[in-house]
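**Q** Have a look at this one.
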Amino acid sequence: MRLFCVVLQARENFMENIEYVGEHLWAGQLGHFLTITLFAASLSSMLAYFLSYKYVDLIKAARVFLYLHFIAVISILGLCLWMLFHHYFEYQYVWQHSNKSMDKQFILSCLWEGQEGSFLLWIFWQSLISIVLYRKLNKKEPIAMGLFMLVQVFLSTMILGIYVGDTKIGSSLFLLLREHPDFMHLPFLQNPNYLDSLDGRGLNPLLANYWMTIHPPTLFLGFAST
């Protein structure tokens, strides 16, 4: 057992020293930044709404954070679609849910096939509804939107993918394949040019139909509306 641990540690040290070729690291860095912005904006908006009962001027700040939250959601969606359409297989989510041979019409299905993408879809619909809803609430805006953003705070933690001590909070859409604990020890990841011949696993064949394209967005719109 001790020998196995020594070999495993040596392998991890070796992989850390590999200079990988062709990885689009900017996408992951931007994605992590946007995800943290998403969480921070929803938390700030929630707190500002609840405190606006005592400090009326905070209602304007709450709305600013509300829009910042919406911009972050749209940006994350756009970035994820860019990664899927351009086959950034160095990222675990893209590699696990898409491949080069699949029909373009199913790329959207890849986005919400996984748990992280489903939460992102839910966040998007609720964020979009919040932009419409707050204009119609008048005096009820602080408490209603405060509760609305509280739900967004919870949903946002599902895609954070950060560690607080030994506790992992959420699962990130922007985790590199070679950093994922389930896949980091795959043999081909020892090759610096592994992306030259890498293809993704692809969409589950049972989900490769137009119902998968239209059903989840409708379902999560219902969740968000409720």
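**Q** Within the stretch 109-129, is even one residue hydroxyl-bearing (Ser, Thr, Tyr), open to solvent by 60 Å² or more (accessible area, probe 1.4 Å) and within 20 Å of Ala208 (Cβ to Cβ)?
**A** Taking the stretch 109-129 first, the residues hydroxyl-bearing (Ser, Thr, Tyr) are 109, 118, 127.
Filter once more, so that each one left must be open to solvent by 60 Å² or more (accessible area, probe 1.4 Å): none.
Checked the stretch 109-129: no residue is hydroxyl-bearing (Ser, Thr, Tyr), open to solvent by 60 Å² or more (accessible area, probe 1.4 Å) and within 20 Å of Ala208 (Cβ to Cβ).
**Q** I've got another one for you. Where residues in the stretch 137-193 are small (Gly, Ala, Ser) and assigned to a helix (DSSP H, G or I), which of them is nearest to the chain's Cα centre (by Cα)? So that I can check it myself, show each step before the final result.
**A** So the first thing to find is which residues in the stretch 137-193 are small (Gly, Ala, Ser), and the list is 144, 146, 156, 161, 165, 170-172.
Remaining after also requiring assigned to a helix (DSSP H, G or I): 144, 146, 156.
Numbers: Ala144: 26, Gly146: 23, Ser156: 9 Å.
Step by step, filter the stretch 137-193, then rank; the result is Ser156.
**Q** Continuing with this model, one more query. Being crowded, with 21+ Cβ neighbours inside 10 Å and either among the basic types (Lys, Arg) or more than 16 Å from Ser172 (Cβ to Cβ) (or both), is that true of even one residue in the stretch 90-104?
**A** Within the stretch 90-104, the subset crowded, with 21+ Cβ neighbours inside 10 Å is 90-95, 97-98.
Imposing the further condition that a residue be either among the basic types (Lys, Arg) or more than 16 Å from Ser172 (Cβ to Cβ) (or both) reduces the set to 98.
Yes, that holds for at least one residue.
**Q** Quick one: in the stretch 203-224, which of the residues that are surrounded by 14 or more Cβ atoms within 10 Å (Cβ to Cβ) and of a type in the set (Gly, Ala, Ser) is nearest to Gln92 (Cα to Cα)?
**A** Here the residue is Ala208.
**Q** Among Gly200, Gly165, Gly146, Gly117, which is under 16 Å from Ile76 (Cβ atoms) and not charged (D, E, K, R)? Break it down into steps so the answer makes sense when it comes.
**A** On the way: Gly200 fails: under 16 Å from Ile76 (Cβ atoms); Gly165 fails: under 16 Å from Ile76 (Cβ atoms); Gly146 fails: under 16 Å from Ile76 (Cβ atoms).
Only one candidate passes the filter, namely Gly117.
**Q** Where the second residue is surrounded by fewer than 14 Cβ atoms within 10 Å (Cβ to Cβ) and not small (Gly, Ala, Ser) and the first is farther than 14 Å from Ile107 by Cβ and lies in the stretch 196-216, which pairs have Cβ atoms under 9 Å and are six or more apart or on separate chains?
**A** Asp196/Val21; Ser197/Phe188; Leu198/Phe188; Asp199/Lys100
Condition check ((1) touching a helix residue (DSSP H, G or I) at 6+ places or on another chain (Cβ under 9 Å); (2) closer than 17 Å to Leu160 by Cα; (3) surrounded by fewer than 21 Cβ atoms within 10 Å (Cβ to Cβ); (4) not β-branched (Val, Ile, Thr)) across all residues:
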{"residue": "Gln29", "(1), (2), (3), (4)": "no, yes, yes, yes"}
{"residue": "Thr35", "(1), (2), (3), (4)": "yes, yes, no, no"}
{"residue": "Ala41", "(1), (2), (3), (4)": "yes, yes, no, yes"}
{"residue": "Ser45", "(1), (2), (3), (4)": "yes, no, no, yes"}
{"residue": "Phe50", "(1), (2), (3), (4)": "yes, no, yes, yes"}
{"residue": "Tyr53", "(1), (2), (3), (4)": "yes, no, yes, yes"}
{"residue": "Asp57", "(1), (2), (3), (4)": "no, no, yes, yes"}
{"residue": "Ala62", "(1), (2), (3), (4)": "yes, no, no, yes"}
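**Q** So, restricting to helices (runs of 4 or more DSSP H) that lie completely within the stretch 73-136, which ones have at least 2 residues that are more than 19 Å from Pro217 (Cβ to Cβ)? Walk me through it before giving the result.
**A** Working: elements: 92-97, 107-113, 115-133.
Ranges flagged: 92-97.
**Q** Let me spell it out: the conditions are (1) in contact with a Leu (Cβ under 8 Å, 6 or more places away or on another chain); (2) closer than 30 Å to Arg63 by Cα; (3) hydrophobic (A, V, I, L, M, F, W, C), and Leu219 meets all of them except one. Which number is the exception?
**A** Only one criterion is unmet by Leu219, namely (1).
**Q** May I pose another question? For a quick check of your reading of the model, give me the residue pairs whose first member lies in the stretch 76-88 and is more than 16 Å from Ser172 (Cα to Cα), whose second is in a helix (DSSP H, G or I) and open to solvent by 10 Å² or more (accessible area, probe 1.4 Å), with beta-carbon atoms closer than 8 Å and at least 6 apart or on different chains.
**A** Phe85/Lys104
The values are calculated or read from the model by the stated rules, or taken from the named source; none is laboratory data. Keep in mind that this is a model prediction, so the values were computed, not measured. When we count neighbours, we look across all protein chains shown, and the Cβ atoms used for this are built from the backbone with ideal geometry, even at glycine. Note: areas computed on protein heavy atoms with side chains; ligands, DNA, RNA excluded. Shrake-Rupley method; radii C 1.70, N 1.55, O 1.52, S 1.80 Å.
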